Structures are given as C-alpha cells and as structure tokens.
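A.B. asks: Sharing a structure below in structure tokens format, with a few things to ask.
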C-alpha cells in the first residue's frame, strides 16, 4: 500500500491530462445554443442612434444576421470588413453592441464603416445573457418570423459565410 501512494500524484496527473486534452480538442465554435429554432428574445433597449427603447419586433422584420460585437473585441475588428462587404451585397445585419460604451461604439463605426441596419446598445449585457452569449463576436441567423435558425461563435469570414450562412440568404443576394 505504501508504494501505491507514491504513484497517486502520477495517476492524478494522467487523469487531469486526459480531461485537459479532451477539453482542448473540442471545437469552440460548436457551442450549443438552447435558442436555435426558438424566438429571438424580446427586449426593450436603446439603439446606438437613439435612447428611445426599441423592441425585437421593431428591428427584426425579415431574415437577418444579428451580430454581437464590441470595440474591446479584437476579433470583431478582424471580421468587420467582411460584414461591411455583406451589407454592401444587401444582406441585412443587425448589430448587438455588447457590454460596450456607446460613444466608443459610434466612433468605431464612423471610422470603420457601419454595416448594421440597426445597432442595439446592450451596455449591461442583458440581451446577451438572454441569448446565451459567451463573448464577441457571435452571429445569429434570424428568420422572418423572428426565430433563431443558426448560431456561429467566432469571426464570420468568407469561409464561414459559404459553409454556414449564405444558404439562409440565397434569395437576398
């Protein structure tokens, strides 16, 4: 029994290594969403353009991408030029400015371009919490009935667009 105790730390380390390897091999963009095929959560939040509370039904009137972004998010800056390109192609995009300062967000959009038809200001992260947002960027496909059809965690680029999102908007382009 005394010799067995000498191997306990090695056994514990081995088990920990297996759990860590298993966790690191998971695809972080494949995070599940309990809201897929359910209504986009209702909200009453201002937009970056107005302090007047806006609701889901005021903004989501047809198929659209809802993009969660923030000025503090480096990956959002990486994906932003592609979102501008999508908007120029006529793809409706609604922004959800997540846990950010509205003044910084407006300045960021003025400098980099504004691909969003509307931009919800979620300074406290309330809508983000309702959506189950892990961080930014995240992008949701919302259909004309206001149902979430797909969720992508991470940067949207040409590859993601073609593989996961374009089919939802094939009639739009």
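Read-outs: derived from the displayed coordinates by stated rules, not from any lab. Everything numeric in this text was worked out from a predicted model, so none of it was measured. Virtual Cβ from ideal backbone geometry, glycine too; neighbours counted across all protein chains shown.
A.B. asks: For the list (1) out of contact with any strand residue (DSSP E or B) (no Cβ under 9 Å at 6 or more places or on another chain); (2) on the phi > 0 side of the Ramachandran plot, I need the number of the one condition that residue 112 fails.
C.D. replies: (2)
A.B. asks: For segment 158-173, which residues satisfy the criterion of being buried (at least 17 other Cβ atoms within 10 Å of the Cβ) and in contact (Cβ under 8 Å) with a residue 40 or more places away in the chain?
C.D. replies: 161, 165, 168, 169
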